[in-house]
Structure formats: structure tokens, C-alpha cells
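Q: Here you go, one structure.
The values are calculated or read from the model by the stated rules, or taken from the named source; none is laboratory data. Please read all numbers here as calculations on a predicted model, not as lab measurements. FYI the Cβ positions are ideal-geometry reconstructions off the backbone, even for glycines, and counts take in every protein chain you see. Areas reflect the complete protein model, heavy atoms only, side chains present, ligands, DNA and RNA absent. Shrake-Rupley method; radii C 1.70, N 1.55, O 1.52, S 1.80 Å.
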Amino acid sequence: MSQQANPRGTFLKVADSVKRQIEDDPDLTELPSLAEVMRDHKVSRGVALRAFGVLRQEGVAEPAPGERWRVVRSGAQVDRRPLDQRIADVIAADGLKVGEAFPSASALAERFGVSRPTVTKALEKLESAGVLAGGGQGKVRTVRALPTREERS
């Protein structure tokens, strides 16, 4: 017996499966990683990327720079600003003053739900903008200046 080509693309089946996951779990805020989708569905990276593209096109998910893809739910408010801008808001939110210690990369990674290397890149941007000082291995980062509107918004 010969194998017939499936009339529905594999990437569409993967997208449908991920969509069902989103519908079944109202608390789900991030898509599974690309590696998880590839492993769970036994597909290539290209197929998984095409599935994510379908989810984006349908308004179910969106990419988040430096983070996992986000689930988009109607009526839900999501801060879509770059991570460095959201981290700059920590100064005002925590009431930090110039010269005070800034939270560690580990604490920020947990707070924002991203990896430490991602936070480190964002902190480097804030250091180059003159908002933070110090940092590096074992050094405490401090607030150098209050962020301007440009760094916060």
C-alpha cells in the first residue's frame, strides 16, 4: 500500500494542538518552547516555526523579544515594551533612589519570568544609557540616575 500525502499540513496540525492547549488551560501565558513543540510533535524546527506563524496570524500568540511566545487573550493587558524599559520601571516601582542597590539579575529574571542572560542584556542597555552603574561578577549594581521618560515608556 502506498502512503498518501496528508491533505492538511503538519504545521497546521501542530498549530491546532497548541491552540487546544491554550483553550484547555486559561492560566497559560506562554507557549511551549520551540524545542518542546519539536520534541512533543516529532517535527522539524521549520514545521514548528510555521505552526507558531499560524498562531500569530490567528491572533492567538505573539513573539516577545528575549522571551517565549506569549498567549494573546482578548481583554488581557500585556506590557509589550522591551524588557529594558520594563526593568527601568523597577526604580520607580520599588522607590529606589540614586546610589541605592538595584535588584540582582537573578531576582529580576524571576520577577519578569525570563532567563538571566536576557536580563543581563537589558541591564547592559540601562548601564550604557547611564541609568545603572556597576554590575558584573559579584558587584552590586546601583541606580546611577533616574530614568528619563524615554527609558521608561
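Q: Would you be able to say whether some residue in the range 66-77 is surrounded by fewer than 14 Cβ atoms within 10 Å (Cβ to Cβ), modelled with pLDDT under 90 and closer than 30 Å to residue 126 by Cα?
A: yes
Q: I'm checking my understanding of the structure. Among residues of the range 51-65 that are under 22 Å from residue 118 (Cβ atoms) and in a loop (DSSP other than H, G, I, E, B), which one is least open to solvent (accessible area, probe 1.4 Å)?
A: For the range 51-65, the residue satisfying everything is 64.
Q: Okay, moving on. Being crowded, with 16+ Cβ neighbours inside 10 Å and either modelled with pLDDT of 80 or more or among the acidic types (Asp, Glu) (or both) is true for just one of 109, 145, 101. Which residue is that? Walk me through it before giving the result.
A: Values: 145 fails: crowded, with 16+ Cβ neighbours inside 10 Å; 101 fails: crowded, with 16+ Cβ neighbours inside 10 Å.
Of the residues listed, the single one that is crowded, with 16+ Cβ neighbours inside 10 Å and either modelled with pLDDT of 80 or more or among the acidic types (Asp, Glu) (or both) is 109.
Q: A further question on this structure: When both residues are 6+ apart or on different chains and their Cβ atoms are under 9 Å apart, which pairs have a first residue that lies in the range 36-59 and is closer than 15 Å to residue 20 by Cα, and a second that is open to solvent by 20 Å² or more (accessible area, probe 1.4 Å) and basic (Lys, Arg)?
A: Close Cβ pairs (under 9 Å, with a partner that is open to solvent by 20 Å² or more (accessible area, probe 1.4 Å) and basic (Lys, Arg)) amount to 41/13; 51/13; 54/19; 55/19; 58/19.
Q: Next question, about the same structure. So which pairs qualify, if the first residue must be in the range 12-32 and at pLDDT 90 or above, the second must be in a helix (DSSP H, G or I), the Cβ gap must be under 6 Å, and the two must be at least 6 apart or on different chains?
A: So the pair list comes out as 14/41; 14/51; 15/51; 15/54; 15/55.
Q: For the range 13-50, which residues satisfy the criterion of being open to solvent by less than 60 Å² (accessible area, probe 1.4 Å) and touching a Gly at 6+ places or on another chain (Cβ under 9 Å)?
A: Passing the criteria: 15, 47.
Q: Next question, about the same structure. I'd like to verify a number: residues in the range 114-138 that are open to solvent by less than 50 Å² (accessible area, probe 1.4 Å) and within 13 Å of residue 67 (Cβ to Cβ), how many?
A: 4
Q: To continue, here is another question. Checking residue 135 against (1) of a type outside the set (A, V, I, L, M, F, W, C); (2) in a helix (DSSP H, G or I); (3) touching a Lys or Arg at 6+ places or on another chain (Cβ under 7 Å), only one condition comes out false. Which one?
A: Tallying (1) of a type outside the set (A, V, I, L, M, F, W, C); (2) in a helix (DSSP H, G or I); (3) touching a Lys or Arg at 6+ places or on another chain (Cβ under 7 Å), residue 135 fails exactly one: (2).
Q: Do any helices (runs of 4 or more DSSP H) lying entirely in the range 82-131 carry at least 2 residues that are among the β-branched types (Val, Ile, Thr) and over 13 Å from the mean Cα position of the chain (by Cα), and which ones are they?
A: 83-93
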